[in-house]
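Inspection log for the structure reproduced underneath, given as structure tokens.
The values are calculated or read from the model by the stated rules, or taken from the named source; none is laboratory data. Computed from a prediction, not measured in an experiment: that's the story for all the values here. Glycine also receives a Cβ, built like all others from the backbone with ideal geometry; neighbour counts cover every protein chain displayed.
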Amino acid sequence: MIPASGSYHLANVRLHASLTPGLAAAFDADGFALADIAVADGRISSVVAHRQSNTPAGTIDLGGRIVMPCFVDCHTHIDKGHVWPRKPNPDGTFMGALNATGADRTARWSADDVARRMDFSLRCAYAHGTRAMRTHLDSVAPQEEISWPVFETMREKWRGRIELQAACLLGIEGVRDRKWFERLAKRVAAANGILGVVTYMLPDLEELLDQVFAQAIKHGLDLDFHADETDAASAISLKKIAEAALWNGFEGNILVGHCCSLARQPDLDVLDTLDKVAKARLAVVSLPMCNLYLQDRRADNTTPRWRGVTLLHEMKARGIPVAVASDNTRDPFYAYGDLDMLEVYRMATRILHFDHPVGDWPQAVTSTPAKVMRLDGFGMLAAGSAADFVVFRGRSWTELLSRPESDRIVVRDGRAIERHLPDYAELDELMVK
Ligand SMILES: [Zn+2]
């Protein structure tokens, strides 16, 4: 359907207002308008409201199918991915995930093992229509010396298909070893990476956060936190991160993931925290599928009573940039997943109510994470940008979000790609117990 020439006209496509800045059209109540897209030499040369007549010869009529820009997945763990067959989570809890992953990392994460699983994940994401991804890399010694070089190789290998970024990942108590953490920050800076830690309530949390900010400032790094991935209302490290950002006068980008406990706190505390988060210009990413899996897991096998996700609506209402992302895939933190951002958006719509109205929620998997990741022109459809988009079958939200859209067309640089999902059997030899 999409010509291999990379130059053509698509007519009668359905575009969303939130993803098409500059399109002057009559958008309907769902935010959609019919439009025509011209592609020349792999780039979008124009996006205009649909015209019934005057279509150039050879125009392809898409019959009102939805077209979205390629996805941006700003929080993943492709160094952990796909180890489930050899290291499942024994009981579905957060502690079960932490312990199983630690044991697997120590015993099995050679450069070859990490590289092959990463490449598998990237092929999945590419086939589903993802154009940029940030992964966290477990960086507890000695893993940082194994995984960062693998990341650098993988980033080069995938350049032009998936823009890959990496953030280091370690519990914030690791910062207490100042010399080692300083070395890690240098290593991250050398790889053009992002400085990341996991925060939870420790007596010296504020001091440790100051260390993290000091290293980020020293090396000119953006920051990426895992914060408060728990139902304990006493977990307020999101607020502590915002205070530390203000206190340290930090000017880089800060992304904070999870923030689950915020949803368990009294309204007045929540409002105070959100004021600080907005003032400190933090962005927040929710990981709805992983949260649904791990949060409120009950030892007595009773039914979970909450969804596990943070307060994205309240954040967005305050102007805080909010995103959703894949997080873990087929590892002890999440037994499922395939780095399919349409699945993430579909699940987020249901879990987080990205509907009634849909509004600009589609930006949470496209242009908002692109801005956080400093990727100009990613996650939107506009004249002059690369012709990187996904053509779906669905012509409305209910059609788009009811089926897996396994037959979607992914267009990169104007051409439809081969959408080949790798076979799990490829990893069998890595999964021998
Ligand atoms: Zn994560």
Check your understanding: In the list 79, 36, 28, which residue meets the criterion of being within 30 Å of residue 286 (Cα to Cα) and more than 28 Å from the chain's Cα centre (by Cα)?
Key -> 28
Review point. Restricting the first residue to region 1-30 and requiring it to be free of Cβ contacts under 8 Å to residues at least 60 places away in the same chain and in a strand (DSSP E or B), which pairs with a second residue that is of a type in the set (Asp, Glu) and surrounded by fewer than 19 Cβ atoms within 10 Å (Cβ to Cβ) meet a Cβ separation below 6 Å and a spacing of at least six or different chains?
Key: 11/61; 12/61
Check your understanding: How do the pairs read when you match residues in region 50-69 that are within 16 Å of residue 390 (Cβ to Cβ) and of a type outside the set (Phe, Trp, Tyr) with residues anywhere that are loosely packed, with under 15 Cβ neighbours inside 10 Å and at pLDDT 95 or above, using Cβ under 6 Å and keeping only pairs 6 or more apart or on different chains?
Key -> none
Practice item. Find the strands (runs of 3 or more DSSP E) located wholly in region 34-120 whose residues include 3 or more that are within 16 Å of the ligand (Cβ to nearest atom), and list them. Key: 71-76
Check your understanding: Here are 359, 414: which of them is in contact (Cβ under 8 Å) with a residue 60 or more places away in the chain, crowded, with 22+ Cβ neighbours inside 10 Å and more than 19 Å from the chain's Cα centre (by Cα)?
Key -> 414
Exercise for review: Please enumerate the residues belonging to region 217-237 that are within 16 Å of the ligand (Cβ to nearest atom) and either touching an Asp or Glu at 6+ places or on another chain (Cβ under 9 Å) or without any contact (Cβ under 8 Å) to a residue 12 or more places away in the chain (or both).
Suggested key: 235, 237
Check your understanding: Is it true that some residue in region 54-74 is in contact with a helix residue (DSSP H, G or I) (Cβ under 6 Å, 6 or more places away or on another chain) and surrounded by fewer than 18 Cβ atoms within 10 Å (Cβ to Cβ)?
Key -> no
Revision key, fill the gap. With criteria (1) away from the ligand (no atom under 16 Å from the Cβ); (2) surrounded by 18 or more Cβ atoms within 10 Å (Cβ to Cβ); (3) touching a residue at least 24 places away in the same chain (Cβ under 8 Å); (4) within 23 Å of residue 223 (Cβ to Cβ), residue 319 comes up short on (2)
**Study point:** Condition broken by residue 311, with the remaining ones in (1) more than 13 Å from residue 238 (Cβ to Cβ); (2) within 21 Å of the chain's Cα centre (by Cα) satisfied
**Key:** (1)
Revision key, fill the gap. Filtering region 285-309 down to residues that are more than 13 Å from the ligand (Cβ to nearest atom) and outside any loop (DSSP other than H, G, I, E, B) yields 292
Check your understanding: How many residues are under 25 Å from residue 37 (Cα atoms) and in contact with a helix residue (DSSP H, G or I) (Cβ under 6 Å, 6 or more places away or on another chain) if we restrict to region 406-433?
Key -> 1
Review point. Considering only residues of region 275-298 that are touching a residue at least 40 places away in the same chain (Cβ under 8 Å) and surrounded by fewer than 20 Cβ atoms within 10 Å (Cβ to Cβ), which is nearest to the chain's Cα centre (by Cα)?
Key: 292
Exercise for review: Examine region 325-341 for a residue that is in contact with a Gly (Cβ under 8 Å, 6 or more places away or on another chain), part of a helix (DSSP H, G or I) and either crowded, with 17+ Cβ neighbours inside 10 Å or without any contact (Cβ under 8 Å) to a residue 24 or more places away in the chain (or both), and state whether such a residue exists.
Suggested key: yes
